[in-house]
Amino acid sequence: MPTTPAPFRRVPVAAVVLAAVVVALAVWLIAVPAAGVTAEVEAADGTTSAVGPAPVAAVAALAVLLAWPVRAACARARKGPAVLAWRLTCGTVLLVSLVGPLGATTASGTLLLAVLHVAVAVVVVVGLDPRRSPRARVRQ
């Protein structure tokens, strides 16, 4: 007997924002206070600034909020596979965002920032999957 895939459960965007913030802060808490990683970035003018929990949470939330309209556009798309477009867009944005961690002052800081980017990206890709959109009429 063929089985039909279970429908994707709709997830409120607020829940995705919260999940991204929680995941990012968990990674930061494990790395910085617990493991002693130095989370500092160097600006173009040579000054350094610490990457604390407030910027980590704010950037994670901002990433979801900026991805939300992109997801909506993918979910409404009538031509082409929306899920593929969504994943390619997310992958491209992630690759570009990974340039940012190169400004860290230590190798462990670079690794931490890269892991933060990837962790938030996973939450965004899964949580805002176009098949979870309220207007989902998505072709895979």
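The values are calculated or read from the model by the stated rules, or taken from the named source; none is laboratory data. In this text the structure is predicted, and so the values were computed from the model without any measurement. Here Cβ is always computed from backbone atoms with ideal geometry, including for glycine, and neighbour counts include all displayed protein chains.
Only helices (runs of 4 or more DSSP H) wholly contained in region 1-107 count here; list those with 1 or more residues that are in contact with a His (Cβ under 7 Å, 6 or more places away or on another chain) and either modelled with pLDDT of 95 or more or under 15 Å from VAL120 (Cβ atoms) (or both). Explain how you work it out, then say what you get.
Numbers: elements: 13-29, 53-76, 82-97.
Fully inside region 1-107 and qualifying: 82-97.
Of everything in region 128-140, what is under 11 Å from the mean Cα position of the chain (by Cα) and either at pLDDT 95 or above or surrounded by fewer than 19 Cβ atoms within 10 Å (Cβ to Cβ) (or both)? Give them in sequence order.
Selection gives nothing.
Please verify whether ARG71 is in contact with a Leu (Cβ under 7 Å, 6 or more places away or on another chain) and within 20 Å of ARG131 (Cβ to Cβ), treating the condition exactly as stated. Working first, answer last.
Numbers: in contact with a Leu (Cβ under 7 Å, 6 or more places away or on another chain): yes; within 20 Å of ARG131 (Cβ to Cβ): yes.
Yes.
Any idea how many residues of region 55-89 are over 17 Å from the mean Cα position of the chain (by Cα) and among the basic types (Lys, Arg)?
3
Need pairs with beta-carbon distance below 9 Å; first residue hydroxyl-bearing (Ser, Thr, Tyr) and within region 90-105, second surrounded by fewer than 17 Cβ atoms within 10 Å (Cβ to Cβ) and part of a loop (DSSP other than H, G, I, E, B); sequence gap 6+ or separate chains.
Sorted first by the residue in region 90-105, then by its partner, the pairs are THR105/THR38.
Hey, can you tell me all the residues within region 36-61 that are touching a residue at least 40 places away in the same chain (Cβ under 8 Å), of a type outside the set (Val, Ile, Thr) and either surrounded by fewer than 20 Cβ atoms within 10 Å (Cβ to Cβ) or under 16 Å from LEU111 (Cβ atoms) (or both)?
ALA39, GLU40, GLU42, ALA43, ALA61 - these are the residues of region 36-61 that are touching a residue at least 40 places away in the same chain (Cβ under 8 Å), of a type outside the set (Val, Ile, Thr) and either surrounded by fewer than 20 Cβ atoms within 10 Å (Cβ to Cβ) or under 16 Å from LEU111 (Cβ atoms) (or both).
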